[in-house]
Amino acid sequence: MFGGEGRDLAETELERAEKRYAQAKARLQALKNRESTRQRKLETRRKVILGGALMDLAERDTGAAAMLDRLIRNLPREQDRKAFADWRPPSPAPSISDPEKPS
């Protein structure tokens, strides 16, 4: 009589432990997924900020404008190049301090 009850009790305890383990594992995976999403969003934000800064600099600096043009022409993915098909890099406004322009 006691032998059978002890076994049922142990199996129930084992089942509860397995359930807690599965729940903890699911919580851990959810935390990992959230962190991964946060990192991807931060990386995307950095790329947007740097791209905007480069485009802004290209409006004032011929070297940056040339670099931007080279970067676009050398994009490895066709779909990325298509995004710039109708776009032209800005031409820097001439300035007195521009070393590329003769004075």
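Scan 12, 62 and give me the residue that is modelled with pLDDT under 95 and touching an Asp or Glu at 6+ places or on another chain (Cβ under 8 Å).
62
Say we look at the stretch 43-77 and pick out the residues that are open to solvent by 70 Å² or more (accessible area, probe 1.4 Å) and touching a residue at least 24 places away in the same chain (Cβ under 8 Å); which of these is farthest from residue 88 (Cα to Cα)?
Looking at the filtered set, the residue picked out is 60.
The values are calculated or read from the model by the stated rules, or taken from the named source; none is laboratory data. Fair warning: this is a prediction, and the values are worked out from it, not measured in the lab. A quick note on method: Cβ atoms are made from the backbone with ideal geometry, for glycine too, and the neighbour counts reach across all protein chains shown. What goes into the accessible areas is simple: the full protein's heavy atoms, side chains included, and nothing from ligands, DNA or RNA. Shrake-Rupley method; radii C 1.70, N 1.55, O 1.52, S 1.80 Å.
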